[in-house]
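Report on one structure; see the data block that follows.
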Amino acid sequence: MVAEDPDNELALFSLGQALFEAHRYAEAGPHFERAALLQPDLMMAHLRHAACLVAQKCYAQAGAPAEIARSLAIAQNHVGPRGDADDLLEEIADALD
């Protein structure tokens, strides 16, 4: 689907999710990042992008998408993802200290 429509944020997210579940974080991250650029309120794309960066120990780059995910989770009233974003932000802060 992504090959046919590279600007389809849901297809990008789905491909990223499949790669994420296979622990292929370096490949998954750019798909989540592109999905988030195409649909800025797609909270899970920001969250998964941050998680991919953390998994690769790219802590400095992970802060921005994690913060966006947290803000969107609050605005969209998603309790679980907010907790996930908080956990990522804590891990990022610990790694950067």
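Bear in mind these aren't lab numbers, they're just calculated from the coordinates by the rules spelled out. Everything numeric here is computed off the predicted structure, so don't read it as measured data. Note that we place each Cβ from the backbone using ideal geometry, even for glycine, and neighbour counts take in every protein chain shown.
Observations on the model:
- Highest-fluctuation residue, 35, 75, 62 considered, GNM on the chain with Cα pairs under 10 Å: 75
- Between region 58-97 and region 25-51, the alpha-carbon center distance in angstrom: 13 Å
- Taking a Cβ cut-off of under 15 Å around residue 9, the surrounding Lys, Arg, Asp and Glu residues balance to a net charge of -3, with basic ones at +1 and acidic ones at -1.
- A simple spin-label model places the labels of residue 55 and residue 2 1.3 nm from each other, with each point 7 Å out along Cα-to-Cβ.
- Secondary-structure-derived ellipticity at 222 nm for the chain, considering helices only, amounts to -25500 deg cm²/dmol, per-run term -39500 (n - 2.57) for DSSP H runs with n ≥ 4.
- Positive-end residue, region 1-72 charge dipole about Cα centroid, Cβ charges, pick of 36, 15, 49: 49
- Degrees separating the helix 79-96 axis from the principal Cα axis of the chain, which is the longest one: 60 degrees
- Range of Cα positions in the chain per principal axis (Å), largest first: 43, 28, 19
- Nearest 10 degrees, 0 to 90: helix 43-55 Cα axis against the chain principal axis: 70 degrees
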